[in-house]
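The block underneath contains the structure these notes are about, expressed in structure tokens.
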Amino acid sequence: MTSIFDTVELNNGVRMPIFGLGTSGNKDQTVCDDTIKAAVEAGYRLIDTAQMYGNEKQVGKAIQQGDLSVKNLFITSKVDNPNHGYEAASKAIDDSLEKLGLDYIDLYLIHWPVVEGRGENWQEDNVETWRAMEEAYESGKVKAIGVSNFMVEHLENLIANCRIKPMVNQIRLHPGVLQEETVVFCETENIVVEAWSPLSPLKQMSEDEKVKAMTEKYGKSIAQLLLRFSLQHNFIPLTKSSHPKRVVENADIFDFEISDEDMVYLNNLKFDEFEAPDVDKER
């Protein structure tokens with residue numbers, strides 16, 4: 001049985017935790033402090049932020065507060081959409097380092113593949129942005145580089161035109177949105193897949209009688225089932241909450257396994273409310 005302290009090896013040899021805390025929407029310093037403190041105490045080692053979230057400074061302060069050295073944490077951030085291109089991305093990486101108060105960032109991602117004003121030239125735009133990422137990686141400013149919301153065509157463009165293959169792709173994944181083509185491509189290319197928004201269908205699934213039966217069968221909440229679902233797909237789930245108690249509860253998923261039959265049922269769930277993001281439009 002896996003544990004919250006387990007890691008996966010990226011294609012450059014760096015070890016990345018298999019479970020993480022997302023911080024999107026969390027700009028309040030006190031809430032940030034409390035949730036990250038609770039997460040670290042519960043065993044989380046991966047903390048995910050982004051320039052787009054507007055909270056790198058808050059996350060930076062929060063990760064400095066605990067007894068655990070930041071060297072024992074795995075910090076992720078992402079270049080914001082207006083900062084695409086070689087020069088802007090290079091500066092963005094330095095800005096993230098300064099706001100986080102770190103000597104290096106464990107993982108840095110391109111947040112979005114097609115951004116406003118560059119849609120007709122997204123191929124070159126991503127290559128130039130990635131060139132800045134490669135240089136930051138080679139200089140030691142970041143320990144691993146990757147992408148977010150990239151589909152197969154976006155990944156193929158980088159692989160064909162760049163020196164270093166992405167190590168991670170962070171995409172929306174949960175029952176109803178499985179993005180099979182992209183996931184299979186990443187597995188083939190040895191790119192680790194992270195799942196953002198893994199709890200999205202929580203409300204809809206709470207009305208499903210078979211899912212209700214699963215909560216009784218496993219003695220787990222629907223949120224815990226969803227996060228375990230991600231792990232059993234070999235996705236790294238990023239769960240977020242502004243409530244420390246919920247943060248701790250979400251990590252209690254390493255003492256059970258969803259059966260093959262139940263995984264098939266969850267895999268086949270469909271929800272009209274959810275679909276893969278339109279990556280040709282800036283988020």
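The values are calculated or read from the model by the stated rules, or taken from the named source; none is laboratory data. Source: prediction; values computed, not measured. Reconstructed Cβ throughout: ideal geometry from the backbone, glycine too, with neighbour counts over all protein chains shown.
Observations
- Residues in region 223-230 include at least one that is among the hydroxyl-bearing types (Ser, Thr, Tyr), within 26 Å of residue 12 (Cα to Cα) and buried (at least 23 other Cβ atoms within 10 Å of the Cβ).
- Residues within region 175-204 that are touching a Lys or Arg at 6+ places or on another chain (Cβ under 9 Å) and among the aliphatic types (A, V, I, L, M), tallied: 3
- Cβ-Cβ contacts under 6 Å between residues 6 or more apart (or on different chains), taken from a first residue in region 188-216 that is buried (at least 19 other Cβ atoms within 10 Å of the Cβ) to a second residue that is aromatic (Phe, Trp, Tyr), are listed as 193/235; 195/235; 200/274; 201/271.
- In the condition set (1) modelled with pLDDT of 95 or more; (2) closer than 26 Å to residue 36 by Cα, residue 266 is compliant with all but (2).
- Region 12-30 - residue that is in contact with a Pro (Cβ under 9 Å, 6 or more places away or on another chain) and hydrophobic (A, V, I, L, M, F, W, C) and, of those, farthest from residue 165 (Cα to Cα): 19
- A residue that is among the polar types (S, T, N, Q), part of a loop (DSSP other than H, G, I, E, B) and within 21 Å of residue 74 (Cβ to Cβ) cannot be found anywhere in region 247-259.
- Take the conditions (1) within 30 Å of residue 123 (Cβ to Cβ); (2) assigned to a loop (DSSP other than H, G, I, E, B); (3) more than 18 Å from the chain's Cα centre (by Cα); residue 275 misses just one of them, which is (3).
- Exactly one residue out of 229, 256 is among the aromatic types (Phe, Trp, Tyr), in contact (Cβ under 8 Å) with a residue 40 or more places away in the chain and either in contact with a Cys (Cβ under 9 Å, 6 or more places away or on another chain) or closer than 20 Å to residue 18 by Cα (or both): that is 229.
- Residue within region 114-123 that is part of a helix (DSSP H, G or I), farther than 23 Å from residue 17 by Cα, among the polar types (S, T, N, Q) and touching a Phe, Trp or Tyr at 6+ places or on another chain (Cβ under 6 Å) present: no
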